[in-house]
């Protein structure tokens, strides 16, 4: 230790040790997240795994994600709260959404069966182009049916709201959409 007229002088500390510690902690955190995701994928037997299911909102395809009861109820409550819907309006719109969700969920079984058939056709010894195209066409018809049902439910729910509430909801939806452009 060096000394000066004012007393002992401490040596300057190097930031190298601090930077190394920060780097190691950051690398450890990243490694931990990757390990967590990998463990979830391994345990569930899928490339993404349950640990990362938030990416796909708990399931792809018809009836997955938004159409799950808790998520759907939350979204409806939030939208109706934002336009000050009455209790009667909430009740009617929730019933409309539940009926639509039941209809969509019934299509989900057909969709999953069709996907299984496509996988089997692709894994066959010889690939039958016509069969795969027919299966694809069936999947598109299911998607169109689901789209029509959703549109009908939206129109029915819109009729329950007043014109002012619909306009307010449309403005809010437009503002929200700007985040995703």
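Coordinate-derived values only; no laboratory data. Because the structure is predicted, anything quoted here is derived from the model rather than measured. Note: ideal-geometry Cβ built from the backbone for every residue, glycine included; neighbour counts use all protein chains shown.
Quick check: from the Cα gyration tensor, does the stretch 58-180 come out rounded (a/c under 1.5), prolate or oblate?
In terms of gyration-tensor shape, prolate.
Between residue 84 and residue 113, what length in nm is gained on full extension when 0.36 nm per residue of separation is reduced by their alpha carbon distance?
Full-extension gain reported as 6.3 nm.
R0 = 30 Å: FRET efficiency of residue 173 with residue 102, Cβ-based, nearest 0.05?
My answer for the efficiency is 0.75.
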